[in-house]
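Okay, so here's the structure we're looking at.
The values are calculated or read from the model by the stated rules, or taken from the named source; none is laboratory data. Computed from a predicted model, the values in this text were never measured in an experiment. Because the Cβ atoms are built from the backbone with ideal geometry, glycine has one as well, and the counts that use them run over all protein chains shown.
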């Protein structure tokens, strides 16, 4: 199967309060978007990578030195939209002919391991749709008007990550249905779920955090440095036990994230 990837980098990064767009924040000296591209490009099955950025940042991206791993797999970057689904639609339109599977990844998740990328691609090749996710460790409460409405079974709750990988025709069908019904999902797999299609869960690594808040940047730098020194455990179960105390809830996205499909 032929595999391509979208790297969604059209979020504004408002919660970070940085002086540059989030995708261009440095991690160990390279922009987040480049780190995300490098992780995907490390997989030999990924043949093409389409970066999706705000229109105002296309020139900034074009100015980046092409001396990073995977630069030879890059397609021309495309302009994203106001909502995640708009950006995904723009990225899909830029894919070359003959692609079977598409991996959709957030530029704000620069710490994904290439091995995990390979596992989720293999799962999607078997089943048609798959995502990386990690079991939650906290008890989750459904809250309405400031009061607990329900307690969710923790054993059934997983925190979704990216990349999420789909057969291209299936994802296009899911996007068309969502657009026709005016539905905005919180992630890409939710759109496919609404078709009634099964989505396989592949256990990922809690260190594959989504950089959203200022403290996430420092945590990502610490993880990157520890990996470079061989001190950060590999594999999902050991990574969970080694996660720095006090960081898990925000790193796994427990803080409010705004409207459902909006890119921030």
Give the range 74-109 a look and list any residue that's surrounded by fewer than 17 Cβ atoms within 10 Å (Cβ to Cβ) and part of a helix (DSSP H, G or I), or say none.
93
When restricted to 124, 130, 155, the only residue closer than 18 Å to residue 7 by Cα and not in a strand (DSSP E or B) is 124
With respect to residue 50, is the statement that it is touching a strand residue (DSSP E or B) at 6+ places or on another chain (Cβ under 8 Å), in a strand (DSSP E or B) and under 24 Å from residue 209 (Cα atoms) true?
yes
Go through the range 180-209 and give me each residue that's surrounded by fewer than 20 Cβ atoms within 10 Å (Cβ to Cβ), at negative phi and out of contact with any helix residue (DSSP H, G or I) (no Cβ under 7 Å at 6 or more places or on another chain).
180, 181, 183, 186, 187, 190, 193, 201
For the structure I just gave you, tell me whether residue 46 is farther than 30 Å from residue 180 by Cβ and touching a residue at least 24 places away in the same chain (Cβ under 8 Å).
yes
Any chance residue 56 is closer than 27 Å to residue 185 by Cα, modelled with pLDDT of 90 or more and in contact with a strand residue (DSSP E or B) (Cβ under 7 Å, 6 or more places away or on another chain)
no
Lone qualifier among 23, 36, 10, 69 - being assigned to a helix (DSSP H, G or I) and touching a helix residue (DSSP H, G or I) at 6+ places or on another chain (Cβ under 7 Å)
23
From the list 122, 149, exactly one residue is free of Cβ contacts under 8 Å to residues at least 60 places away in the same chain, closer than 28 Å to residue 220 by Cβ and out of contact with any helix residue (DSSP H, G or I) (no Cβ under 8 Å at 6 or more places or on another chain). Which is it?
122
Would you pick out the residues in the range 158-179 that are in a strand (DSSP E or B) and out of contact with any helix residue (DSSP H, G or I) (no Cβ under 9 Å at 6 or more places or on another chain)?
158, 159
